[in-house]
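Here's the structure we're looking at; comments come further down.
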Amino acid sequence: MVSSNLAFYSTNELPRKLKELENNWEHFIFEKEVPKTNEVRLEVLESWKRCQQYGVDPLQKETPIKVSEDKLKEQIHQSKLYDISLPIIEDFSKQISGTSHLITLGDDEGKIIYLKGDREILNKAERMNFVVGADWSEQSAGSNAIGTSLAAEKPIQILSSEHYCQGVHPWVCSSAPIRDPRTNKLLGVIDLTGPSTSAQSHSLSVVQNVSNLIVQHLFIHSHDIFKHLQDTYDEVKRKKTSAHVMVLDEMLNVVHADESCLDVFSINHWDDLWDNKQLHSLKNSLLSRNPHQHEWEWDVSSLQLKIFIRSITFNSEHIGFVFFIEKLYQYHPSDSNKQTALKGVIGQSAAMRNVIQKVEVVADKNVPVLITGESGTGKEIFAHNIHLKSSRKHQPFIAINCGAIPENLITSELFGYVRGAFTGGDPQGKKGKFEEANGGTLLLDEIGEMPLDLQVHLLRVLQEKEVTPIGSSTPIPIDVRIIAATNKNLEKLIEEGTFRSDLYYRLNVVELHLPPLKQREGDIPLLCRYFATELARNHGREVPTIDKEVIAFFNEYHWPGNIREMMNVMEYAILFNGDNHIKMESLPKSIIEKYETVNTSSKDRFSLAKRAEREEIIQLIEETNGNLSEVARRCNIARTTLYRRMKKYNINRK
């Protein structure tokens, strides 16, 4: 048994070859076994066996037409392959005029979407339904060059009785697949078909050349697509969304993404992106998507992520997706701090005590609260605590990040929509966040990112206490407590004309300003030890000790990312420390580099050690209630030495 893409090599052997193929086919079909001559090509034999499994009738005279004329016109109108191939094929059809051959373009399923040739040969081909709209996949038409080329994903020539169905035996066809040069996706097939008595072995190389020419033109087109995908990313980033952004092509290859996306997905390389089970399900869903759906939401609970997805189109053609990825707050009921009555809040500094006191006062009052502060200061944690301390604590707490959702999705996210409201949505309709939070609390995070036109709708909802889903004329009464949060200066945004003053005053009945970590004197060691304990438990490790030099460094560092940055640094240190002891060498290099960049006159390691000694003395004085004799004993130094060091480090007894 031989393996070859060609059915024959010389026209001199054609009469003998045709008779031999007929005998082989009859033996396989009627004797139901492989001919003992062993002269059936491997590619053909494998195709025949597939056709048997499909239940194709080998005596079939014509193939079915499965596409209506209207549907075919719509498919051709939307076909990138058709548009790019058409001028090439029409030019080639002029060259084969008078040769009794037909030039054919099939889609990726084997349906004929273009056919041209001399009228006489077209009429003969029509008898077996070799016409535009006919299905010439192996499942419908048996072994043939179009269907078999697609099934085997390679060029092939099928001659006479190598066709599985008897009605195609008078023909020879040569086909070559066409692939997208950017994604390697199989787009369709180019085919040359004629009477078997006029067969030419070089027909296969001809269609391969035509296929290559089409691919070259697709490559030029793909460059335009790639540029549009990159432009889409740039456009989204110019809007300064707080979401992590990623742009993918139609086959879900990453084209462009924020540097932070790898960390968000907990991977080191994009090749690992779809290994997560929930992300793998998302991949399957998008690849088998309804072509009329253009927007999706996907929860990845294993990574604490919510992904908003929008289809990207170019000249009415779907070319990829943009992902808006939001890292979700995950509340742990075990998070507590005996110094405060707030879940997950760690701190004893005067600045934090002031915030906590306000929370205690305002929590059970049914008034809007505006939480302000830098990114990473814990705004959502405080919002959740206000909810937990209110009379609404047994009702939903819903958070929505106004800066992480694309503008064209946020309206439907907040207010919902009814069945059939717009193309691309859930066909059953969907509740908005206001409805989901009814009776409870709705956190509007990153409120400063909300588009101006949506601010008008939000203000109306807050005033009238009812919401009207998109596509409906019936308002729904709601009882929702609003907490808004932002890291922006809203008063400045009002001056710039990007935030409404009436909405600002509606939201800002009580403002809670969360201090940045660098202003929370005394809280850093507490947070450091808290994260060491919690993260070690999460990773199934022993709680490590922390070097005094690390604590001193943390007290000196400016923490631009605040608590969120500290948690990330500590998680790195938990994973990569040696001997269960966190030292300076255990910290990520990036934090050291940032510290040295900000502090151009940075202290050396010796000064860090001195600062660590100062912190230890202060802590011991607090623990012993100012008993200096006990402090000196614990430091294993004389009291006079302790006095000198207290003077040197400017430490007061109280």
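The values are calculated or read from the model by the stated rules, or taken from the named source; none is laboratory data. Source: prediction; values computed, not measured. Every residue, glycine as well, gets a Cβ built from its backbone with ideal geometry; the counts of neighbours run over all protein chains shown. Each accessible area value is taken on the protein alone, full model and side chains, heavy atoms only, with ligands, DNA and RNA left out. Shrake-Rupley method; radii C 1.70, N 1.55, O 1.52, S 1.80 Å.
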Practice prompt. Identify all lysines with a Cα-Cα distance to residue 358 below 20 Å; exclude those on the same chain that are fewer than 8 residues away in sequence.
Written response: 338, 343, 379, 389, 393
Response to the item:
In whole angstrom, the spacing between the Cα centers of region 93-130 and region 514-544 equals 73 Å
Discussion item. Rounding to the nearest 10 and keeping the result within 0 to 90°, find how far the Cα-based axis of helix 605-623 lies from the longest principal axis of the chain.
Written reply: 60 degrees
Discussion item. So if I place +1 on the C-beta of Lys and Arg and -1 on the C-beta of Asp and Glu, and nothing else carries charge, what would the dipole magnitude of region 1-139 be about its Cα centre? I want it in debye, nearest 20.
Written reply: 200 debye
Item to complete: Decide, for region 62-215, between rounded, prolate and oblate: order the square roots of the alpha carbon gyration tensor eigenvalues as a ≥ b ≥ c, take rounded if a/c falls under 1.5, and otherwise choose prolate if a/b is larger than b/c, else oblate.
Response: rounded
Worksheet, complete the sentence: Note, residue 304: beta-carbon cut-off 13 Å, +1 each Lys/Arg, -1 each Asp/Glu, net -1
Worksheet item: When every alpha-carbon pair in the chain is counted, what percent end up more than 38 Å apart?
Response: 54 percent
Practice prompt. Would you mind giving the three semi-axes, in whole Å and largest first, of the ellipsoid equivalent to region 35-128 according to its Cα gyration tensor?
Written response: 29, 19, 15
Practice prompt. Could you tell me whether region 377-498 comes out rounded, prolate or oblate from its Cα gyration tensor? Rule is a ≥ b ≥ c as square roots of the eigenvalues, rounded for a/c under 1.5, then prolate if a/b exceeds b/c, otherwise oblate.
Written response: oblate
Discussion item. At a threshold of 8 angstrom on Cα-Cα distance, excluding pairs fewer than six apart, so keeping six or more, what relative contact order does the chain reach in percent?
Written reply: 8 percent
Worksheet entry | In region 22-128, GluC sites (Glu not before Pro) in a DSSP loop with at most 12 other beta-carbon atoms within 10 Å | 31, 33
Worksheet item: Which value, in Å², gives the accessible area per residue of the chain when a 1.4 Å probe is used on the protein heavy atoms?
Response: 49 Å²
Worksheet item: Separation of region 250-277 and region 410-486 by C-alpha centroid, Å?
Response: 31 Å
Worksheet item: So what's the angle, to the nearest 10 degrees on a 0 to 90 scale, between helix 203-238 and the longest Cα principal axis of the chain?
Response: 20 degrees
Item to complete: Calculate how steeply helix 14-30 sits against the longest principal axis of the alpha-carbon atoms of the chain, using the helix alpha-carbon long axis, and give the answer as 0 to 90 degrees to the nearest 10.
Response: 70 degrees
Item to complete: Return the percentage of antiparallel bridges among DSSP beta bridges fully within the chain, rounded to the nearest 5 %.
Response: 75 percent
Response to the item:
Hydrodynamic radius by Kirkwood for region 229-294, inverse mean 1/r across distinct Cα pairs, in Å, is 13.0 Å
Practice prompt. Just the number, please: Stokes-Einstein D of region 152-306 in µm²/s, Kirkwood Rh from C-alpha pairs, 4 °C, 1.567 mPa s.
Written response: 68 µm²/s
Worksheet item: Which loop-located trypsin sites (Lys or Arg not before Pro) does region 115-151 contain, where loop means any DSSP state but H, G, I, E or B and the Cβ has at most 16 other Cβ atoms within 10 Å?
Response: 127
Fill in: Length-normalised contact order of region 388-460 in % [C-alpha pairs under 8 Å, at least 6 apart]
43 percent
Worksheet entry | By accessible area with a 1.4 Å probe, ligands and nucleic acids excluded, highest first: order of 394, 294, 244 | 394, 294, 244
Worksheet item: For region 495-545, which GluC sites (Glu not before Pro) are in a loop by DSSP, counting at most 16 other Cβ atoms within 10 Å?
Response: 521, 542
Practice prompt. Sort region 452-528 into rounded, prolate or oblate with this rule: let a ≥ b ≥ c be the square roots of the eigenvalues of the Cα gyration tensor; rounded if a/c is under 1.5, and if a/c is not under 1.5, prolate when a/b is larger than b/c, oblate otherwise.
Written response: prolate
Fill in: Calculated [θ] (222 nm, deg cm²/dmol) that DSSP helices of n ≥ 4 give over the chain, each run adding -39,500 (n - 2.57)
-13000 deg cm²/dmol
